[in-house]
Structures are given as C-alpha cells and as structure tokens.
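Down below is the structure, laid out as structure tokens.
The values are calculated or read from the model by the stated rules, or taken from the named source; none is laboratory data. Predicted model only: the values in this text are computed from it and were never measured. Please note: Cβ atoms are built from the backbone with ideal geometry, for glycine as well, and neighbour counts cover all protein chains shown. Just so you know, the surface numbers come from the protein's heavy atoms only, side chains and all, with ligands and any DNA or RNA stripped out. Shrake-Rupley method; radii C 1.70, N 1.55, O 1.52, S 1.80 Å.
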Amino acid sequence: MAVTSAEITSRTPFENGNSWGKVGAYERIDGMINFEVEPDNPSNSTIIDLQHSPVNNSGRVTFTSDFVLLQPSETKPKRLLVDVVNRGRKRAIPDFNMVSPALSPSYEIAPGDGFLFQNGYAVISLGWQYDVYRSSSLMGMDPPSVKVNGNLTEGTNLVEIRPNQTQKCYLLANRIHKPYPAASTDNSNARILVKEWEDGPEIEIPPSEWSFAKETENGPVPDVEHIYMDAGFQPGKIYHVIYQATCPVVSGATLMSVRDVGSWIKYGGPHCPVKSTVKHAYAYGISQTGRLLRHYLYTGMNVDEKGRQVYDGILAHVAGGRRGDFNHRFAQPSQQSSPGFGHLFPFTDVPSTDPFGRGTKGLQDRQLEVGGVPKVVYTNTSAEYWRGDASLSHTDPSGYSDIDFPENTRSYFFSGTQHVPNKLPQRKTPGPDGSLGLYGFNVVDFRPLLRAALANLVSWVEKGTLPPETKVPRLDHGTAITMERAFEKFEHIQHIRTPDPSRMWRIREINIGTQEIHGITTYPVEELQEYPKFVSNVDSDGNEIAGIRMPDISVPIGTHTGWNLRSPETGSPEQIISMVGFTDYFPHDKPSSLSTKDPRKSISERYSSRSGYINECRDAAKKLVEERYLLEGDIELVVANCGLRYDEAISK
C-alpha cells in the first residue's frame, strides 16, 4: 500500500499568488505523509532489518515523513520533481532557480528566477532523514524501530568527530543529529581512537581520560547521548568513538520513502494533494542525497510495491563515486568520511571487477534485474574528485583504464568548481564541516550547467532527445592524472601552497566483518589496499582542462580549484578542507605580476578591456549552448556573473 494518507497542516498561495508565465500561480502545501509497507513484498526485499520492525494490525510497517509541496494552483503540473532534501534542508528550488546558494535552513522558500515554476514542475520536498532534529526549517521523518525478537536491540556503533576548535563535549552523533544512545554510561568496553590525518595511524585514548557525560554549569554529568573529555577534543584531529549503542531504526525507510512519495504522486495514491497524476517523475539529490540516489539504484528500489516504475529520471548531483549510510543497522545518514558500507565496491554503473576479490558487479545491476531502470544524470564538481572517490565512478578499480557509462546514463564534470557555489564578495568562509580554508573560496557558480543537465534529462525522458555526451576526466585522453602530478603542475606558482599528497582523502578496500550481509558492521573497520584516484589535468594557469568548462575557466581571470588547504587556526594545515576549493585571481597588470613574482599572465595582458573580456565570455557561453551544456536563456546570466567576478578581480 505504501502511502496511505497525508495530513495537511497548511495550504497557502505561494509568493502571494504571483503568476509564473503560462503556468500561472503556485500554492504551497505543508504536511505529513503516512506510509505503510509490506515486509514481505519483493520490492522491499533489500531493506535491512525490515523483518525486525513491529507491524500494525494489517501486518504492515508504518512510518511518517514531513513534506512541502509547491504546485500550480490554476493548471495541472507538467511533471513532478522530488527534492530529496539535504540534511533536512530544501534544496531543489534554490539550486535550479538560482536563489542564493547559502545552505542555511529556512522555512521560507525564495522563488529565485522561477525556472522550475515557469516550466510547470510540481516540486515536493521530502523529509526522509530520521536523525534530523525537526523544526519549521528542518524536515525529517519518524522511522520504524528495530526490535529483534521483539526486544530492545543493541549493537556496536562508531561516531566520527572532527573538531575545528578545542571542545570538551560533543553529541554522540555525526554532526548535530539525534544520537544512538549508549547502552550504558560505563565506558570500560568503549574506545576512542584518534588520528592526525585521514589515513594516519590511530592511537587509543585511555578510558580514564573521557566519559559518557554532558557538560553543564556544574561540571560534567553522566549522559548516554554525549561524550566528554576534560583535555578537550583537538582541532584538526579525527576521533572515532566505538561503543555499544541502542535503539536502532530501519534505516532503509529512507529509500522506501523516496520511492513511495514518487509513486504516490505519479500514480495518484490516497489523499494525494497534487491536482492530477503526472506522466513523468524525476528525483533530485545533492551531495548526501545524491549518494542516497546512487544507493537507491544499487538496491533496485525504483519499482514500487505494485511492480510499477517510479522515477523516469534521476539527477544525482555532487555524489562522487560512493554510496552512503542508508541501509544498515545503526546507519548515520550524514556520515560520509569514515569507512563503512558507503565506501564498498562497486563504484561504476556497469559491471567492473574488483581487484581485491569482491567479484564483478555494477551499481545498476539490481535495478536491471528487477526492471524500472530510469534515465540517470550525474553531475560532479572538482571537489568530489579531490575527495578521492569521483573518478572511481568511471575508471576500472584497478586504475588501468576508463569505463564508459551505460546507455541510460550520462555524467558531467563541472571543471574548476567546488562542492557548493558561494556568492561574492570572496571571503574565507567555513566549509560544510565548519573548518576554515587557507584561501578565499572558489567563486565559480556552476548552477546554470546544473539546470541545463535537468532540462536535457527531461527532454531525454519526454521526447527521446539524446543528451550531450558524457564529459569527465579520461585516462585515454590524458585529461585524468594523479593528484601528485597535478600538484607538480602548481610548483611554478610559488605563492600557492599545495597539500601533503600522503594526507589526501582516499577510498580503500575494507573488511566490514562477518555479518556484512545482515547490515551489521564490526568496528573498527579493517582498512586494506587503496583504490586508485584521479583528478583533472590542469593547464599552465592551474585551471582544469577536462569536463565542461564555464567561461570562468575557458576565459579565466584567475586559478580556480576544487581543493583548499585548512587554515592553521582550524588545525592540520597540511591537509585539505572538505569540499571547498579556492580562486586565486591573476594580477591585474604586468607590473603587479613582476612585483609579486607571479608567473601567470596578468588580466590586462590577456584582455584589452572589460568589454573585450565580456565579449570573449559571451562567445564561450554560446559555444556551450551549441554543445547543449548550457541553456540559451542563461547566456546573459553567465556573462553577467563573469562581469561581477572581473570587477572583483580588478579591485583586489
């Protein structure tokens, strides 16, 4: 049955009834969706622990999710876009409508330039993450519990803590999320392991130096949801807390909720508030939820309980080559850096052979087996490559050759960009994990490429128009190189410091333990041999040559990267800050180049004037339109953005 009902808490005109072209006005509907799933239905067979969850009188497992729906109030929607929200934050409308790229959660939804509304999308944002502290700004779900043989269930869990300043007390969770409580405040069988860098040796901290406790005005008090260390957790270090946890949930409810909300609207389920069924449904996820959508395909979830295909198209943005913590016991959906189920082979969509003995598999194998295979578009920035995993999605895991994507899939690399764009003026702002970069952030806004990717996906599904070819770094073209080689190409730009190559992020062969098939991890995970990792080759300016190059890259006024060193004040200055790049503008004239000993040509040597630079940017944008990587209507938006960045570069 899946979705059984929806409870609507508010229904209001969106943007005071403002009209969006021929589509007309939109309305906003907030509420909660009630799910009931059949534990024995074949479509749910890959969900870990579903058989251990309590059932209702109908023999079904129940759970609920928050939702926010925007739909035309005067006409029928042309198509559905499911916004698989990122850590509780609504993202589809800000990303495609060119709203400010800030990641701050908000109840409000700014309309931006109205791109999705003018094209008739019904957009539903789904709260799928069960450990989010829900609020008016953050969306979440109430998941099913796990009770093996009807009893309270315990098991080993690992929480990773990455401080950016000295701090004595932390939630026993990844980020600020709901913890899995410790089974006891007795820490005699728990461990804290600390290391200096991502792949460094671990040292155990004696139990006498820390406790399961919460910091208060009167000192630490025992608490099963917090961890306390009087000496403080130190910035730049990586701590792994391994402990006996309790109260697991059916983490795969995340995948079922994404599937069933799409089916509910596409096929017109009970109490559906959308005015009519839609012929075509699309799912969009960014970063964490891009990885969730990769996991969704891996588990073959795109067929509902009635055997019907749910999504016609999936756009997984900045997911890299990994999956995530979305379908195992004690999963933490926001966890992405410590080794676990999300780091396991396979990485490529088509079958490849694991050099470390995990056989021959592909990400889409299960979906091909059960049917309902959608069209898929992946988009990645430079940051996912510098994270060490994106190249695994299209290279043989032995590192010797490229692997092409299947016919139903395209992948696009946005050259010289960072994980999430930022807005001018350029500053040193904290990254997603709160750490501070050594250099000012990367200023390139790739979002016009992202919405062209969506438009191409829609045309592919609805008209049969093949999208433009995949564009990623390739070994056979010489556009994919090792990180070490890329850093060597920065040696002549002496004022730019590069990270220690031995301390870069990487993916390794891992041994999760003997109960992997049951979704249970043995901690600490055994890390073994390293998978190869590649990034884009760069030119003499340090700009990447592979992928789709925005005018910022093909007509440059600076060096734009997908990596950035950590600032010394947040610790470990020899390592990169997660998911953030930098822009280093060229000197504005030749005397400035000479005085700073900068080997790169100055802006005035490259372009005769601002108008000359703008004309070159417009020509570059038109070429992208011809290649269909950019929408014609976005030429002037891209050119205007280039002008703003030119003005900032000259003013430096």
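How many residues are free of Cβ contacts under 8 Å to residues at least 60 places away in the same chain and either open to solvent by less than 50 Å² (accessible area, probe 1.4 Å) or in contact with a Leu (Cβ under 9 Å, 6 or more places away or on another chain) (or both) when one looks only at the range 483-497?
Of all residues in the range 483-497, those free of Cβ contacts under 8 Å to residues at least 60 places away in the same chain come to 484-491.
From what's left, either open to solvent by less than 50 Å² (accessible area, probe 1.4 Å) or in contact with a Leu (Cβ under 9 Å, 6 or more places away or on another chain) (or both): 486-487, 490.
Total meeting the criteria: 3.
One line per residue, one yes/no per condition, for (1) crowded, with 24+ Cβ neighbours inside 10 Å; (2) touching a Phe, Trp or Tyr at 6+ places or on another chain (Cβ under 7 Å):
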residue: 273; (1), (2): no, no
residue: 280; (1), (2): no, no
residue: 300; (1), (2): no, no
residue: 308; (1), (2): no, yes
residue: 321; (1), (2): yes, yes
residue: 337; (1), (2): no, no
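Any residue in the range 623-647 that's closer than 21 Å to residue 610 by Cβ: show its pairings with residues that are small (Gly, Ala, Ser) and open to solvent by less than 50 Å² (accessible area, probe 1.4 Å) at Cβ separation under 7 Å, as long as the two are six or more apart or on different chains.
635/621; 638/621; 639/621
Among the residues of the range 96-110, write down those that are touching a Lys or Arg at 6+ places or on another chain (Cβ under 7 Å) and surrounded by fewer than 24 Cβ atoms within 10 Å (Cβ to Cβ). Step through it out loud before you land on a result.
Looking only at the range 96-110, we keep the residues that are touching a Lys or Arg at 6+ places or on another chain (Cβ under 7 Å), and these are 96, 98, 100-101, 103, 105, 109.
Residues satisfying the conditions are 98, 100, 101, 103, 105, 109.
Working only within the range 134-154, note down all residues that are within 21 Å of the chain's Cα centre (by Cα), surrounded by 15 or more Cβ atoms within 10 Å (Cβ to Cβ) and more than 20 Å from residue 62 (Cβ to Cβ).
138
Which residue pairs have Cβ atoms closer than 9 Å, lie 6 or more positions apart in sequence or on different chains, and pair a first residue in the range 455-473 that is closer than 15 Å to residue 314 by Cβ with a second residue that is open to solvent by 20 Å² or more (accessible area, probe 1.4 Å) and of a type in the set (Gly, Ala, Ser)?
Every condition considered, the pairs that remain are 467/459.
Pairs, please: C-beta under 7 Å, at least 6 apart or cross-chain, first residue touching a residue at least 12 places away in the same chain (Cβ under 8 Å) and in the range 291-320, second among the acidic types (Asp, Glu)?
300/369; 304/260; 305/38; 310/304; 318/384; 320/384; 320/389
Could you look through the range 418-433, keep only residues that are open to solvent by less than 40 Å² (accessible area, probe 1.4 Å) and under 16 Å from the mean Cα position of the chain (by Cα), and pick out the one that is modelled with the lowest pLDDT? Break it down stepwise before answering.
Step one: of the range 418-433, the residues open to solvent by less than 40 Å² (accessible area, probe 1.4 Å) are 418-421, 426, 429, 431.
Subset that is under 16 Å from the mean Cα position of the chain (by Cα): 418-421, 431.
On the way: 418: 97, 419: 96, 420: 94, 421: 94, 431: 79.
Going through the qualifying residues, I end up with 431.
Can you run down the residue pairs with Cβ atoms below 8 Å, 6 or more apart or on separate chains, where the first is in the range 517-530 and in contact (Cβ under 8 Å) with a residue 24 or more places away in the chain and the partner is exposed (fewer than 13 other Cβ atoms within 10 Å of the Cβ)?
The qualifying pairs are 522/514.
Report yes if some residue within the range 588-599 is crowded, with 19+ Cβ neighbours inside 10 Å and within 25 Å of the chain's Cα centre (by Cα); otherwise report no.
Looking for residues that are crowded, with 19+ Cβ neighbours inside 10 Å and within 25 Å of the chain's Cα centre (by Cα), one finds none in the range 588-599, hence no.
Test of understanding: among 244, 234, which residue is touching a residue at least 24 places away in the same chain (Cβ under 8 Å), surrounded by fewer than 20 Cβ atoms within 10 Å (Cβ to Cβ), over 21 Å from residue 520 (Cα atoms) and within 30 Å of the chain's Cα centre (by Cα)? Reasoning before the result, please.
Numbers: 244 fails: over 21 Å from residue 520 (Cα atoms).
Selected residue: 234, the only one of 244, 234 that is touching a residue at least 24 places away in the same chain (Cβ under 8 Å), surrounded by fewer than 20 Cβ atoms within 10 Å (Cβ to Cβ), over 21 Å from residue 520 (Cα atoms) and within 30 Å of the chain's Cα centre (by Cα).
Have a look at 438, 466 and point out the one that is among the hydrophobic types (A, V, I, L, M, F, W, C), open to solvent by 20 Å² or more (accessible area, probe 1.4 Å) and more than 30 Å from residue 652 (Cβ to Cβ). Step through it out loud before you land on a result.
Working: 438 fails: more than 30 Å from residue 652 (Cβ to Cβ).
That would be 466, the only listed residue that is among the hydrophobic types (A, V, I, L, M, F, W, C), open to solvent by 20 Å² or more (accessible area, probe 1.4 Å) and more than 30 Å from residue 652 (Cβ to Cβ).
How do the pairs read when you match residues in the range 263-287 that are without any contact (Cβ under 8 Å) to a residue 12 or more places away in the chain with residues anywhere that are surrounded by 15 or more Cβ atoms within 10 Å (Cβ to Cβ) and in a loop (DSSP other than H, G, I, E, B), using Cβ under 6 Å and keeping only pairs 6 or more apart or on different chains?
So the pair list comes out as 268/277.
Kindly indicate the residue of the range 369-403 that is part of a strand (DSSP E or B) and charged (D, E, K, R) and also most open to solvent (accessible area, probe 1.4 Å) among those meeting that condition. Break it down into steps so the answer makes sense when it comes.
First, pick out the residues of the range 369-403 that are part of a strand (DSSP E or B): 375-381, 395, 402.
Now drop any that are not charged (D, E, K, R), which leaves 375, 402.
Numbers: 375: 68, 402: 29 Å².
In this case the residue turns out to be 375.
Which residues, counting only those in the range 527-572, are open to solvent by 20 Å² or more (accessible area, probe 1.4 Å) and part of a strand (DSSP E or B)?
527, 528, 529, 530, 566
For the range 455-477, check the following and say yes or no: at least one residue is touching a helix residue (DSSP H, G or I) at 6+ places or on another chain (Cβ under 7 Å), outside any loop (DSSP other than H, G, I, E, B) and not aromatic (Phe, Trp, Tyr).
Checked against the condition, which is being touching a helix residue (DSSP H, G or I) at 6+ places or on another chain (Cβ under 7 Å), outside any loop (DSSP other than H, G, I, E, B) and not aromatic (Phe, Trp, Tyr), the range 455-477 yields no hits at all.
Of the numbered conditions (1) within 25 Å of residue 38 (Cβ to Cβ); (2) aromatic (Phe, Trp, Tyr); (3) not in a loop (DSSP other than H, G, I, E, B), residue 311 satisfies every one except a single condition; which is it?
Result: residue 311 passes all but (3).
So which residues in the range 83-95 are open to solvent by less than 40 Å² (accessible area, probe 1.4 Å) and in contact (Cβ under 8 Å) with a residue 40 or more places away in the chain? Walk me through how you get there before you give the answer.
Keep residues of the range 83-95 that are open to solvent by less than 40 Å² (accessible area, probe 1.4 Å), which gives 83-88, 90-95.
Across the range 83-95, the qualifying residues are 83, 84, 85, 86, 87, 88, 90, 91, 92, 95.
Mind checking which residues of the range 1-52 are more than 30 Å from residue 298 (Cβ to Cβ) and of a type in the set (Asp, Glu)?
7, 15, 27, 30
Determine whether residue 266 is part of a loop (DSSP other than H, G, I, E, B), closer than 30 Å to residue 72 by Cβ, in contact with a Lys or Arg (Cβ under 9 Å, 6 or more places away or on another chain) and at pLDDT 95 or above.
Numbers: part of a loop (DSSP other than H, G, I, E, B): no; closer than 30 Å to residue 72 by Cβ: yes; in contact with a Lys or Arg (Cβ under 9 Å, 6 or more places away or on another chain): yes; at pLDDT 95 or above: yes.
Spelling it out, it is not the case that residue 266 is part of a loop (DSSP other than H, G, I, E, B), closer than 30 Å to residue 72 by Cβ, in contact with a Lys or Arg (Cβ under 9 Å, 6 or more places away or on another chain) and at pLDDT 95 or above.
Given the options 187, 164, 174, name the one that is touching a residue at least 40 places away in the same chain (Cβ under 8 Å), farther than 29 Å from residue 518 by Cβ and open to solvent by 10 Å² or more (accessible area, probe 1.4 Å). Write out each step before concluding.
Details: 187 fails: farther than 29 Å from residue 518 by Cβ; 174 fails: farther than 29 Å from residue 518 by Cβ.
The match here is 164.
Yes or no, residue by residue, for (1) open to solvent by less than 30 Å² (accessible area, probe 1.4 Å); (2) of a type in the set (Lys, Arg); (3) in a strand (DSSP E or B):
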residue	(1), (2), (3)
67	yes, no, yes
112	no, no, no
130	yes, no, no
156	no, no, yes
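Let me spell it out: the conditions are (1) aliphatic (A, V, I, L, M); (2) surrounded by fewer than 18 Cβ atoms within 10 Å (Cβ to Cβ); (3) assigned to a loop (DSSP other than H, G, I, E, B), and residue 579 meets all of them except one. Which number is the exception?
(2)
As an exercise: evaluate residue 211 against (1) surrounded by 23 or more Cβ atoms within 10 Å (Cβ to Cβ); (2) touching a strand residue (DSSP E or B) at 6+ places or on another chain (Cβ under 6 Å) and give the number of the one condition it does not meet.
Failing condition for residue 211: (1).
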